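Enquirer: Please read through the structure below; I'll follow up with questions.
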Amino acid sequence: MTWVGLPVAIAVALFVVPAGVRGLFDAGLVRENYRGASLAFPLGAVLATAALVALAPLAFLDDRADIDLLVPELRRWMPYLLGIAFLGFLDDSLGRGEVTGAPRGWRGHARALRRGSLSTGAVKALGALALAAYVVSGRGLESWRYLADVALLILATNAFNLLDLRPGRAEKCLALLGAGLCLGAWTFAPLELLGIFAGPVAVGAWFTLRERTMLGDTGSNLLGAIAGVWLLTTLGADARLIALLAVAGLTIYGELRSISAAIESVPPLRWLDSLGRA
């Protein structure tokens, strides 16, 4: 019954996410989006909270009632999912955001480090590297495949940070990835493994699409972590190398060019990107 996690998480999120969005507004935690509208921020903290609320009864029943409600492999990946969300929250809370001159992108953070300045983005990158190296270890991989999987996990996480520039874009990409992996491998294993996180993301997408809230780095990091874990746990060894090349290419393009401009230039992508927005 490991599939139960997803519907339980959706049910919990239907209560937690709206309350969390109102709480962010009431606390004055808002930030302007690309159109200048003030939105509740960061939704990612609410999504992570909803996942933990859903996890509590599932973990208790899984252990005490001897019902298989959680995939045992979740214990391996949980430190990365929650750790990467925390690092994103640190960046959202202490980072300088859109302040002029603030380092942005990997190149910007690298230049800041060379100047002797440790930005919150650099802290996030170093923390993500440590977390990825930890959770990928112990899987019996050859050295180069171990490094490739660590790189895939980190780059997938960062890719969703690059994608989260328009309402609902990151959530749509995650949904397409999940559907592709489930259909391609003919399995519901990705949803069974991380259903407690995918459920709140699905509910939260309603609020981001209607421009009531923004994911923030907390949320985009969490979505990227989900994507990275899905890729590592669903794809075979050679397919993971192909995925690594794909996310590396997306990362390089996002550092040098505008992903939003590229999407706008392709009508089918532009239609999909705008689908569901207010």
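The values are calculated or read from the model by the stated rules, or taken from the named source; none is laboratory data. If you're wondering where the values come from, they're calculated on a predicted model, not measured in any experiment. When we count neighbours, we look across all protein chains shown, and the Cβ atoms used for this are built from the backbone with ideal geometry, even at glycine.
Enquirer: Any residue at all in the range 15-26 that's closer than 25 Å to E211 by Cβ and at pLDDT below 95?
Expert: No; the residues of the range 15-26 include none that is closer than 25 Å to E211 by Cβ and at pLDDT below 95.
Let's see how each residue does on (1) under 21 Å from A11 (Cβ atoms); (2) out of contact with any Phe, Trp or Tyr (no Cβ under 9 Å at 6 or more places or on another chain); (3) free of Cβ contacts under 8 Å to residues at least 60 places away in the same chain:
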position	(1), (2), (3)
L177	no, no, yes
T187	no, yes, yes
A246	no, yes, yes
G254	no, yes, no
V266	no, yes, yes
R270	no, yes, yes
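Enquirer: Please pick out the residue among L176, L147, L183, L193 that is part of a helix (DSSP H, G or I), buried (at least 21 other Cβ atoms within 10 Å of the Cβ), at pLDDT 95 or above and not polar (S, T, N, Q). Give the derivation first.
Expert: Details: L176 fails: buried (at least 21 other Cβ atoms within 10 Å of the Cβ); L147 fails: buried (at least 21 other Cβ atoms within 10 Å of the Cβ); L183 fails: buried (at least 21 other Cβ atoms within 10 Å of the Cβ).
Checking each option against the conditions leaves just L193.
Enquirer: Hey, can you tell me all the residues within the range 42-78 that are part of a helix (DSSP H, G or I), more than 15 Å from V12 (Cβ to Cβ) and touching a helix residue (DSSP H, G or I) at 6+ places or on another chain (Cβ under 8 Å)?
Expert: Residues satisfying the conditions are L43, G44, A45, L74, R76, W77.
Enquirer: Would you say G20 is under 23 Å from L163 (Cα atoms), surrounded by 13 or more Cβ atoms within 10 Å (Cβ to Cβ) and small (G, A, S)? Step through it out loud before you land on a result.
Expert: Values: under 23 Å from L163 (Cα atoms): no; surrounded by 13 or more Cβ atoms within 10 Å (Cβ to Cβ): yes; small (G, A, S): yes.
The answer is no for G20.
Enquirer: Name every residue in the range 26-41 that is under 17 Å from A205 (Cβ atoms) and in a strand (DSSP E or B), in order of residue number.
Expert: L39, A40
Enquirer: Follow-up question, since we're still on this one. Would you please name the residue that is farthest from L69 (Cα to Cα), looking only at residues in the range 196-224 that are in a helix (DSSP H, G or I) and among the polar types (S, T, N, Q)? Before you say what the answer is, go through the steps one by one.
Expert: From the range 196-224, those in a helix (DSSP H, G or I) are 196-209, 216-224; that's our starting set.
Narrowing further to those that are among the polar types (S, T, N, Q): 208, 218, 220-221.
Details: T208: 29, T218: 27, S220: 27, N221: 26 Å.
Among those that are in a helix (DSSP H, G or I) and among the polar types (S, T, N, Q), it is T208.
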